[in-house]
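See structure below.
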Amino acid sequence: MNATVKTGKKHFPVMLNELISIISPLYSGTFIDCTFGQGQYSRAILKHQGNKVIAIDRDKKTAFNAENLKEKYKDRFYFKNIKFREINKINIDNKDIKGIIFDLGYSTNQIQDPEKGLSFNSRGKLNMQMGLNNFSAHQVINYLDQKDLEKIFKYFGEEKYSKIISKKICETRNKKKINTEDLVNLINKSKLNKNFKIHKSTKIFQALRIFVNKEISELIYGLINAFNTLPVGGVITVVSFHSIEDKIVKFFFKNYSQSKNLSRYLPEKIKEKKLFKLKNNKPIFPSEEEIKNNPPSRSAKLRYATKINDSENFDIFIQQFKYLLDIENLSKKI
């Protein structure tokens, strides 16, 4: 899940220069690239001879890129085919970890991969599995009931026509199994005679991709486990691409970087301590030049925070997004 975008033969990792400028003062240490993808962030970090990189990606097809880097950097690069929420299962000495990087986008290679079926231009059976999945979009569309589909489309895709589309899906699948072309056609019919800035299927496909890959719990628990893996003084950086992701990342960083209005007479251990230091309260956006050269970067936001304390739990964070986790748990019905 790397936001590298392919144009011709050249890859464009989103906000690479900005990210490197954030972590470069911490050089001569270990960095964890939680969304390896095409490996461009890892390559940039490894150019400094004092750095090591541990890369993670759930997509098995990224292993080829990882092998090339392993040959070049041998004892300074390691790759794990796991989900990034499992970062805490990596057996490493965390004292040397300086930064953890999340890039929550998808590469053009992944979007155009016919086996994954992430694009509304795909053909045949619905899929959208990125790797290490338990079910596919085919099962979601053909087996969940109308109300469940409506929730998924409304909250994960922010789709205004979620009720109409979910109803048409259930009517259509009474006659036959719905494939990718069927889904795109019925979405078009549901939004007839309306003008849209983006493809009519974009939000539905986003919602299905998030649901199939459990991207909500992946991000929430990925951030928590990254925090617990990182020593004090290390940095977490996150590049997000849609409002749901950014809402989660923003809350995580800001809520735990602000002290509550508690009485100054309370014992220090009762007062809630800050966990992060934020240099920027607002996200960093791609430059106009980058957007011009790489249009898909226009929706990207980069947030980062420095860890300054440890924590016992993140109950507030989990509770804040419980409504999204509950929708994700509808997968248990499949």
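Some points to look at:
Conditions (1) in contact (Cβ under 8 Å) with a residue 24 or more places away in the chain; (2) in contact with a Cys (Cβ under 6 Å, 6 or more places away or on another chain); (3) closer than 30 Å to Asp148 by Cα, marked per residue:
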{"residue": "Arg298", "(1), (2), (3)": "no, no, no"}
{"residue": "Ile308", "(1), (2), (3)": "yes, no, no"}
{"residue": "Glu312", "(1), (2), (3)": "no, no, no"}
{"residue": "Gln319", "(1), (2), (3)": "no, no, yes"}
{"residue": "Leu324", "(1), (2), (3)": "yes, no, yes"}
{"residue": "Ile327", "(1), (2), (3)": "yes, no, yes"}
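- Number of residues in segment 211-234 that are of a type outside the set (A, V, I, L, M), assigned to a loop (DSSP other than H, G, I, E, B) and more than 11 Å from the chain's Cα centre (by Cα) equals 3.
- Total residues in segment 185-206, condition closer than 17 Å to Asn142 by Cα and touching a Lys or Arg at 6+ places or on another chain (Cβ under 8 Å): 2
- From Phe84, Phe36, Phe77, residue being among the aromatic types (Phe, Trp, Tyr) and over 27 Å from Gln112 (Cα atoms): Phe77
- Which numbered condition Lys163 fails, given (1) closer than 22 Å to His242 by Cα; (2) surrounded by 18 or more Cβ atoms within 10 Å (Cβ to Cβ): (2)
Rundown of residues vs (1) over 17 Å from the mean Cα position of the chain (by Cα); (2) among the β-branched types (Val, Ile, Thr); (3) at pLDDT 90 or above, yes/no style:
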{"position": "Tyr78", "(1), (2), (3)": "yes, no, yes"}
{"position": "Asn81", "(1), (2), (3)": "no, no, yes"}
{"position": "Ile90", "(1), (2), (3)": "yes, yes, yes"}
{"position": "Asp93", "(1), (2), (3)": "yes, no, no"}
{"position": "Ile97", "(1), (2), (3)": "yes, yes, yes"}
{"position": "Ile100", "(1), (2), (3)": "no, yes, yes"}
{"position": "Leu104", "(1), (2), (3)": "no, no, yes"}
{"position": "Leu118", "(1), (2), (3)": "no, no, no"}
{"position": "Asn127", "(1), (2), (3)": "yes, no, yes"}
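- Within segment 300-334, tally of residues that are within 18 Å of the chain's Cα centre (by Cα), closer than 27 Å to Phe31 by Cβ and not aromatic (Phe, Trp, Tyr): 6
The values are calculated or read from the model by the stated rules, or taken from the named source; none is laboratory data. Quantities reported herein were computed from a predicted structural model and do not represent experimental measurements. Ideal geometry is used to build each Cβ from the backbone, glycine not excepted, and the neighbour counts take in all protein chains shown.
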